[in-house]
Amino acid sequence: MKHLPEFKIRRFIREIRKKFPDVIPLMERHEIWALTFRMGEFANLTSIAFNDGDLETAKSHLHYMSEKLNGASEIEFEYIDVYYVEHLFWKSNQKGIDLGWPLVPENLKQLYLSYHGKKPEPVRR
């Protein structure tokens, strides 16, 4: 089935939206077909929670993604790795990084370090 991976990601994103409705307005900034950008917005929401010191929300996002990674299909793994984990901390300030990094589960942390090669740092703008 040619469209099975896309179907799985659409279902995954619907599940995120249902479980974490605060992400809906962020995702709605992008076209319905822009699935990678929509997943990136969930990473942005997690980063915003770090910055705001809303650690319970951040932990709930991270726990969900960590658990999802454990049983992920190939396409779900790609979306978690490339469009969630790689984007974590892009919108974080130093406070957000200091609060957030210790909360990242080991399986997500390893993906982050595999891509970035180091712990997060604030983006210089």
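The values are calculated or read from the model by the stated rules, or taken from the named source; none is laboratory data. Since the model is a prediction, treat every value here as computed from it, not as a measurement. With ideal geometry, Cβ positions are generated from the backbone for all residues, glycine too; neighbour counts draw on all protein chains shown. Please note that ligands, DNA and RNA were not included when accessible areas were found on the heavy atoms of the full protein model with its side chains. Shrake-Rupley method; radii C 1.70, N 1.55, O 1.52, S 1.80 Å.
For the residues Lys118, Lys95, Lys59, the requirement of being within 20 Å of Ile13 (Cα to Cα), basic (Lys, Arg) and either surrounded by fewer than 20 Cβ atoms within 10 Å (Cβ to Cβ) or over 11 Å from the mean Cα position of the chain (by Cα) (or both) singles out Lys59. Scanning region 1-22 for residues that are surrounded by 14 or more Cβ atoms within 10 Å (Cβ to Cβ) and either in contact (Cβ under 8 Å) with a residue 60 or more places away in the chain or closer than 17 Å to Ile75 by Cβ (or both) yields Pro5, Lys8, Ile9, Arg10, Phe12, Ile13, Ile16.
Against the condition at pLDDT 95 or above and either assigned to a helix (DSSP H, G or I) or over 20 Å from His116 (Cβ atoms) (or both), how does Phe37 come out, does it pass?
Working: at pLDDT 95 or above: no; either assigned to a helix (DSSP H, G or I) or over 20 Å from His116 (Cβ atoms) (or both): yes.
So Phe37 does not fit the description; no.
How many residues does region 23-40 contain that are open to solvent by 50 Å² or more (accessible area, probe 1.4 Å) and under 16 Å from Ile80 (Cα atoms)? First the steps, then the outcome.
If we filter region 23-40 for residues that are open to solvent by 50 Å² or more (accessible area, probe 1.4 Å), which is where we start, we get 24-25, 28-29, 31-33, 37.
This time we only want the ones that are under 16 Å from Ile80 (Cα atoms), so: 37.
Total satisfying the criteria: 1.
Restricting attention to region 87-125, the residues that are touching a residue at least 40 places away in the same chain (Cβ under 8 Å), not β-branched (Val, Ile, Thr) and not in a helix (DSSP H, G or I) total 8. Every condition in (1) crowded, with 18+ Cβ neighbours inside 10 Å; (2) over 14 Å from Ile13 (Cβ atoms) holds for Tyr84 except the one numbered (2). Of everything in region 38-54 that is touching a residue at least 24 places away in the same chain (Cβ under 8 Å) and farther than 16 Å from Gly100 by Cβ, the residue that is farthest from the chain's Cα centre (by Cα) is Arg38.
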